[in-house]
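Scroll down for the structure; my scribbles are underneath it.
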Amino acid sequence: MFLTDRGAGRWARRRLTRLGYAPAHRAVYRLEHLPGSEVTAGGKARALSRLVRAGVQVPKGFVVLPRAFDGDDLSTSAAASLTNELARFPVGQRFAVRSSALAEDSAAASFAGAYETVLDVPAGQVAAAVATVRESRAAYRVSTYSAATGSASGELAVVVQAMVDAEQAGVLFTVEPLTGDLGTMTGTVVEGLGEGVVSGEQTGTPFTIRRPSGEFDGPDALRPFAARLHREAHRIEGSFDGVAQDLEWAVADGRLWILQARPVTTLNAWNPRTAERNDSLAGTCLWSATNLSEANPEAQTPLTISLARYQQANGGPSMALRGREMAGSIGGRPYANLTVQITARRGRAGKLEPREAYRALAGWWGDLPADVPVPLVPMTGEDWATVGPSLLASLLRMGWTRLRLPAFLRGHRARCAELTARIEASNTPGELRQLWQGELLAFGIASFWAVIAAGSESPARLETELRERLGAEDAAALMSNMSGLVGALESLGPADGLQEVLAGRLSRQDYLDRFGHRGVNETELAWPRPADDPGWLDRMLARAGDGADITVRRQQQHDAFEAALARVVIRDARLAARVRRRLVRAASQAALRESVRSEGVRTTGVVRRFALRAGGVLGIGEDVFLLTIEELLAALDGDRSTLGLLDLRRETYQRYRELPPLPGIICGRFDPFAWAAEPHRRADAYVAGGPADVLPAGDADVVVGHPGSLGRVEGLVRRLDRFEDADQLRPGEVLVTHLTNIGWTPLFPRAGAVVTDLGAPLSHAAIVARELGVPAVVGCGDATVRLQTGDRVEVDGAAGRVRILARVSA
């Protein structure tokens, strides 16, 4: 069959309509045709349109956009469109007419009950009902709610849908809204229409549905529909990238209808005005700050927090389950989402117990206190089938990236220098925007992939095996000579380099080129790079002269290694050969990981240069770091509306900077300011709903952590709460601090021992202390709370114990 040009045009229009396309700038859209970019449709209409496109059973309807109105009256053309849409419905059809304001049903504000809703409307009265809803935007309750939540309501569209003559109706939260329990859906059901439940006029009968099992606990009348409600609610949440949903639903003639979906406002992790992100609020998960906080121990700026998420959304490394990424932000600090990692480790079969699955991750994140629960992401078989290809693609990309790491290292420093020069030569917003989109974004994402791909659990697994087979002392000695097996580790570079400069074997400029990008807060974009401080190297050289000779210390570690290996040879020569081969392999992996991480930090410095240049071009200077990356790019494109929030952002950021170090482990909803105000707060871990001040049982005079580095030493404690006080550390004192990173490395030769709150076998303190022969106990959780400057202690690095011999207060 051949079509005329006119017939082909009609066929194409019908085909595009079925696919969801519709001409832009209409005043009235059917829900299935509403363009995704049509923000004026408001939160409710856009959510309904998304549900329709996802195949969810939603009552047929359309949305009347703000452009359809002249004040509160429909324009002539819009009134005609309304009449045409109503004609599509059966004769006698009655309608529900509801509001859809710009900020309504958003993550920050629901505006539930604030606007008028008109139900059971005959076709002839829909226009009047539309006007009633439209006029309610001026209601006092709307302005009051808007002021209370800090959310401007914005323009108002109106949704018109076929009325469902409900036999049962109600609401359902896909996540328990008060506790954030991901495994529990809670709801309320009433007979007939559910509007009374939504408005709060009716209480209804409560019910719960467990997931992923679908186990139902509630009234018998709802039981025949419970499995369907569970399945649809879980699927809808997935279509909104795992964001917890507050659903309105109804049952009529044996069919389940979804009337509305909006984010659960109590589980909102993001405040767009203050740029505060607290991912613990989005649902109960288990979080760890170990390792991630090493490179960024202070409060992060909005630009830094947003960058990783932006990169992940644009092709960066992501292994998200139901929209939940493997890392997040709490209290301005980076945290790893262990719930996601443990769920992924268990896989679809889920045969491993959660704590058993976690043991494979303990090298990165340390041991879990026994009283901390392990929540999981509720995954169905359909979820695993959906996420499987993307996880496989990530693993393949990681393997490909791992093969190319040597090439990455060879050319990276020169590429950073080249991009920095081009940034400095960019003089307009357009030039900077083009450079970002054309090269910087891809460059940053490639570095992100390299850092993730370079990670390896092999050294931690090997140490665990050696401890079980050879004992703690020999295992610690064998793991303390990585640099002796494969050459200097990057984490030792700053300390080694200072000795080289003092000996005249390395120039000052070469030292700055190699290590001037590293330091105590190196992954924070707002943190000035040490190389930019003219006096930094002189201060570091002065400190380096106070410590023990690194060469001597490393020779002692080499001798201890050879002695331990000789003991293994006596027991079993073939075992000793296998152990040595595995140690060389583990050392090579550790060296590669540290080199790649160093160059990843160099990339951060390039992005910092871009931000500073953009701040200069925009006239906001270093306030640029108070913007998110999306806001910064929008400002370069000409949208500078968020610049008016900078004063509020600056005040908010300062509040986070004043917080004390946060718990290393967090489970559930966490308010950092409420926790900080508690005088007897627990420092090692926080469990929502649990006692705030209960410490693990044990000897009051013993601080327990992870074995970090072999050795036993007695000395006086020097507790340092920040690196700026480093000059207070005297030779031979026991350094006690929340965490260490590469910026602290030059202090290690001066310390008699090192004790940290955060840490694990693969953390900075453990790696550097081993190589330098400094006894260390890491990951104690509460060492800085229980130990004070002047306390006399005995540090047993191999056992992971610190015994208090005499307290300074006594």
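The values are calculated or read from the model by the stated rules, or taken from the named source; none is laboratory data. These numbers come from a predicted model, not from an experiment. Positions of Cβ are generated from backbone atoms using ideal geometry, with glycine treated the same way; all protein chains shown enter the neighbour counts. Ligands, DNA and RNA are excluded from the accessible area calculation, which covers all protein heavy atoms including side chains. Shrake-Rupley method; radii C 1.70, N 1.55, O 1.52, S 1.80 Å.
In this structure, residue 186 does not satisfy being of a type in the set (Val, Ile, Thr), open to solvent by 10 Å² or more (accessible area, probe 1.4 Å) and in a helix (DSSP H, G or I).
Within segment 296-323, being within 29 Å of residue 677 (Cβ to Cβ) and in contact with a helix residue (DSSP H, G or I) (Cβ under 7 Å, 6 or more places away or on another chain) holds for 298, 299, 301, 302, 303, 306. Check whether at least one residue in segment 428-451 is in a loop (DSSP other than H, G, I, E, B) and crowded, with 18+ Cβ neighbours inside 10 Å, and report yes or no. No, that holds for no residue. Reported count of residues in segment 597-630, each being touching a residue at least 12 places away in the same chain (Cβ under 8 Å) and over 30 Å from residue 407 (Cα atoms), is 12.
Of all the residues in segment 248-286, those that are among the aromatic types (Phe, Trp, Tyr) and open to solvent by 10 Å² or more (accessible area, probe 1.4 Å) number 2. In segment 523-548, the qualifying residues are those that are aliphatic (A, V, I, L, M) and at pLDDT 95 or above, and the one that is most open to solvent (accessible area, probe 1.4 Å) is 526. Just one of the listed residues (614, 576, 564) is open to solvent by less than 30 Å² (accessible area, probe 1.4 Å), at pLDDT 95 or above and over 25 Å from the mean Cα position of the chain (by Cα), namely 614.
Quick grid of which residues meet (1) within 12 Å of residue 157 (Cβ to Cβ); (2) touching a residue at least 40 places away in the same chain (Cβ under 8 Å):
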| residue | (1), (2) |
| --- | --- |
| 29 | yes, no |
| 38 | yes, no |
| 43 | yes, yes |
| 51 | no, yes |
| 56 | no, yes |
| 59 | no, yes |
| 64 | yes, yes |
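If you go through segment 356-401 and keep only what is open to solvent by less than 20 Å² (accessible area, probe 1.4 Å), within 19 Å of residue 323 (Cβ to Cβ) and part of a helix (DSSP H, G or I), you end up with 387, 394. Number of residues in segment 452-471 that are open to solvent by 20 Å² or more (accessible area, probe 1.4 Å), under 30 Å from residue 567 (Cα atoms) and not basic (Lys, Arg): the value is 8. Checked against (1) over 39 Å from the mean Cα position of the chain (by Cα); (2) open to solvent by less than 40 Å² (accessible area, probe 1.4 Å); (3) among the hydroxyl-bearing types (Ser, Thr, Tyr), residue 551 passes all but condition (2). Close contacts from segment 289-307, counting a first residue that is modelled with pLDDT under 85 and a second that is of a type in the set (D, E, K, R), with Cβ to Cβ under 6 Å and a gap of 6+ residues or different chains, come to 293/333; 295/522; 296/524.
Screening residue 653 against (1) open to solvent by 40 Å² or more (accessible area, probe 1.4 Å); (2) aromatic (Phe, Trp, Tyr); (3) over 22 Å from residue 520 (Cα atoms); (4) touching a residue at least 24 places away in the same chain (Cβ under 8 Å) leaves a single unmet condition, (3). For segment 210-247, a tally of residues being open to solvent by 10 Å² or more (accessible area, probe 1.4 Å), closer than 30 Å to residue 36 by Cβ and either in contact with a Phe, Trp or Tyr (Cβ under 9 Å, 6 or more places away or on another chain) or among the aliphatic types (A, V, I, L, M) (or both) returns 4. Against the list (1) without any contact (Cβ under 8 Å) to a residue 60 or more places away in the chain; (2) part of a loop (DSSP other than H, G, I, E, B), the condition residue 318 fails is (1).
For segment 763-792, the set of residues classified as of a type outside the set (Gly, Ala, Ser), assigned to a loop (DSSP other than H, G, I, E, B) and surrounded by fewer than 24 Cβ atoms within 10 Å (Cβ to Cβ) consists of 782, 787, 788, 789, 791, listed by residue number. The set of residues in segment 705-738 being open to solvent by 10 Å² or more (accessible area, probe 1.4 Å), assigned to a loop (DSSP other than H, G, I, E, B) and out of contact with any Pro (no Cβ under 6 Å at 6 or more places or on another chain) consists of 705, 710, 721, 722, 730, 731, 732, 733.
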